[in-house]
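Take a look at this one; I'll ask things after.
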Amino acid sequence: MCGIVGAVAERNVEGILLEGLKRLEYRGYDSAGMAIQSPEGVLQRRRAVGKVAALEERLAAEPLPGRCGIAHTRWATHGRPSEANAHPHQSGERLAVVHNGIIENHEALRRELVAEGYRFDSETDTEVVAHLVARELGRDGDLLAAVQRTLARLDGAYALGVVSADEPDVIVGARKGSPLVVGVGIGEAFLGSDPLALLQVTDRFLYLREGDVVRLSAGGRIEVLDAAGTPVEREVQTFEHGDGAASKGDYRHFMLKEIHEQPAVIAAALEGRLGERSVLVESFGPEAEVLFRQVRQIHIVACGTSYHAGMVARYWLERFAGVPVQVEVASEYRYRQVVVPEGTLFVTLSQSGETADTLAALRFARERGYLASLAICNVPGSSLVRESDLTLMTQAGPEIGVASTKAFTTQLTALMLLTLALGRVRGLDEAVQADLVAALRGLPGLVERVLALDPEIEALSMAFAEKHHALFLGRGAHFPIALEGALKLKEISYIHAEAYPAGELKHGPLALVDSEMPVISVAPNDELLDKLKSNLQEVRARGGVLFVFADEQVGMAEEEGVHVLHLPHVHEALAPILYTLPLQLLSYHVAVLKGTDVDQPRNLAKSVTVE
């Protein structure tokens, strides 16, 4: 993901901007650049392909002294990594822009600007913004007004930082669908896509809201206007999370901390990837739309928890994108004769991006004639990301607990984005797209509500402390969620757990059911609910004790031998994401009761880098 840093100060800002870029390296990027207004009023730029260190070397040879500037790390969406495509982008020698996000209507705007005589030096969508602002600036010389008029022409998602040599010591920023914060200093002000980029200079921030435009100027002056152009005050907040992922903070275990981080990381996975009514296809890379139009089939290959995410995605992709999907365990996939139909997209899922079997499967697939490869991953610089044609980062942040939690739900979120991106280019009904996009926007809030049920889930866990076996049931897209719930319980509590499609009970598993075998089921409000209820009655008739996580609208009541926890209603397509959380919490509390090593369970490693 791209990163933005900007500074207006009474001192040289080159070092501030460079350090800010270094602090954003965790996001993943392919080039970096900086533009600074010199003391003589000249706008100067330095860019480099590769790591920030390459830009640092360039600056050592060609310094950029000045008190006002912007900088950027780029993750390619339009145009391959190159110095010409690196940010900042300029219009002439007097104006520069940095941009996170995707301008959906950039092609039409580019044609308009070319017809007016503007020359384009890059393949990016961002250069369109630079020329539009320059054109508007020529009308009245007011940079803030020029940016505001430009924003009215843009469709898509963006966070922007703009400087002009004609308005010294001023940065104008704007955000829509992509994060942007303002750092508050003493007599100076800063702009960043992430507070972490600016903690070197301040711990006080204004978090810009959707549609906000901000003007930073000399003396630390900060002016914020809302989407309607009305001046507003945004609360200054002190950043209090400096311990980061390396500390458990107030949580007893990393796993619990990471479970409770899921509202934030799911929001991060969505940030900048949703348009008004559809997913931004370009989020998957500059070639994505052309490739997605050619997709006729999908092979998903992964291991463990990621494999379960792929199993859920099969239901989504076949339903909403109309594409047949095959889901494979990576360690099995590469040891058989794989038949690859024409137009097949190869998708890998991995938290670390270094999972040995998944990485080997990708390399194996390269020789099999796939249309292209897509990696959905949490580590930007990983081998899987580097070696895939397309990538989508899950934005889960570092996950330290061995049992995957937030990595799984962000993978599911990313897979729904993939589903809607493919659906968009394959003609999915626009109303269906808009409905799911709206539901995705509301998902982090629903996750918060489920996490608030933690005390009730902890109470349920008491019934498992002395058990040695458990059975998990689900139907449809929730069968993989049952598999994931069983995996979590066995990973960290060492209780033997199995999962089955609920409709398979009569084909064998029912023989295991008695009063000592707790049976856990998820019961969302979907078309399979009535069939699931019948399956659960089969369990009760054999004396089994049921623990049911049910939609609050289904009206399922507690009775002897049936414990029900009601979850908030959610769009039925997104229910697999939400229903994962109570299973995570249940496993966690059972493990704590049993006194196992929650974060580092025996015999397991976080990243499986050997076969």
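Only one residue in THR358, THR410 is closer than 25 Å to LEU578 by Cβ, among the β-branched types (Val, Ile, Thr), assigned by the TED database to the domain that holds ALA313 and in contact with a helix residue (DSSP H, G or I) (Cβ under 7 Å, 6 or more places away or on another chain). Which one? Show your work before the answer.
Values: THR358 fails: closer than 25 Å to LEU578 by Cβ.
The conditions single out THR410.
Could you count how many residues in segment 569-590 are farther than 14 Å from THR409 by Cβ and surrounded by fewer than 24 Cβ atoms within 10 Å (Cβ to Cβ)?
Number of matching residues: 5.
I need the full set of residues from segment 461-507 which are of a type in the set (Asp, Glu), in a loop (DSSP other than H, G, I, E, B) and touching a residue at least 12 places away in the same chain (Cβ under 8 Å), in order please. Working first, answer last.
Restricting attention to segment 461-507, the residues satisfying the condition of being of a type in the set (Asp, Glu) are 466, 484, 491, 498, 504.
Within this subset, residues satisfying the condition of being in a loop (DSSP other than H, G, I, E, B) are 466.
Across segment 461-507, there are no qualifying residues.
Yes/no matrix, rows are residues, columns are (1) in contact with a Ser or Thr (Cβ under 8 Å, 6 or more places away or on another chain); (2) not acidic (Asp, Glu):
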site	(1), (2)
LYS531	no, yes
SER534	no, yes
GLU538	no, no
ARG542	no, yes
PHE547	yes, yes
GLU552	no, no
GLY561	no, yes
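Being surrounded by 21 or more Cβ atoms within 10 Å (Cβ to Cβ) and not β-branched (Val, Ile, Thr): is that true of PRO509 here?
Details: surrounded by 21 or more Cβ atoms within 10 Å (Cβ to Cβ): no; not β-branched (Val, Ile, Thr): yes.
When the stated conditions are applied, PRO509 does not pass them.
Being in contact with a Phe, Trp or Tyr (Cβ under 8 Å, 6 or more places away or on another chain) and of a type in the set (Ser, Thr, Tyr) is the filter here; which residues of segment 409-456 pass it?
THR419, the sole residue that qualifies.
Something else about it: Given the condition buried (at least 17 other Cβ atoms within 10 Å of the Cβ), touching a Phe, Trp or Tyr at 6+ places or on another chain (Cβ under 7 Å) and closer than 24 Å to GLU136 by Cβ, answer yes or no: does some residue in segment 29-43 qualify?
no
Restricting the first residue to segment 366-387 and requiring it to be within 16 Å of GLY50 (Cα to Cα), which pairs with a second residue that is hydrophobic (A, V, I, L, M, F, W, C) and outside any loop (DSSP other than H, G, I, E, B) meet a Cβ separation below 7 Å and a spacing of at least six or different chains?
Pairs that qualify, where the first residue is within 16 Å of GLY50 (Cα to Cα) and the partner is hydrophobic (A, V, I, L, M, F, W, C) and outside any loop (DSSP other than H, G, I, E, B), are PRO380/MET393; SER383/LEU359; VAL385/ALA375; VAL385/CYS377; GLU387/LEU362.
Given the conditions (1) within 21 Å of GLY219 (Cβ to Cβ); (2) over 24 Å from the mean Cα position of the chain (by Cα); (3) touching a residue at least 24 places away in the same chain (Cβ under 8 Å), which single one is not true for GLY15?
(3)
If you don't mind, another one. Taking HIS72, is it buried (at least 19 other Cβ atoms within 10 Å of the Cβ) and assigned to a loop (DSSP other than H, G, I, E, B)? Break it down into steps so the answer makes sense when it comes.
Numbers: buried (at least 19 other Cβ atoms within 10 Å of the Cβ): yes; assigned to a loop (DSSP other than H, G, I, E, B): no.
No: the conditions fail for HIS72.
Considering each of VAL224, VAL214 in turn, give the residue that is among the β-branched types (Val, Ile, Thr), surrounded by fewer than 23 Cβ atoms within 10 Å (Cβ to Cβ) and either assigned to a strand (DSSP E or B) or touching a Leu at 6+ places or on another chain (Cβ under 6 Å) (or both). Full working, then the answer.
Working: VAL214 fails: surrounded by fewer than 23 Cβ atoms within 10 Å (Cβ to Cβ).
After applying the criteria, what remains is VAL224.
The values are calculated or read from the model by the stated rules, or taken from the named source; none is laboratory data. Keep in mind that what you see is a predicted model, and the values were worked out from it rather than measured. Positions of Cβ are backbone-derived with ideal geometry, glycine not excepted, and every protein chain shown enters the neighbour counts.
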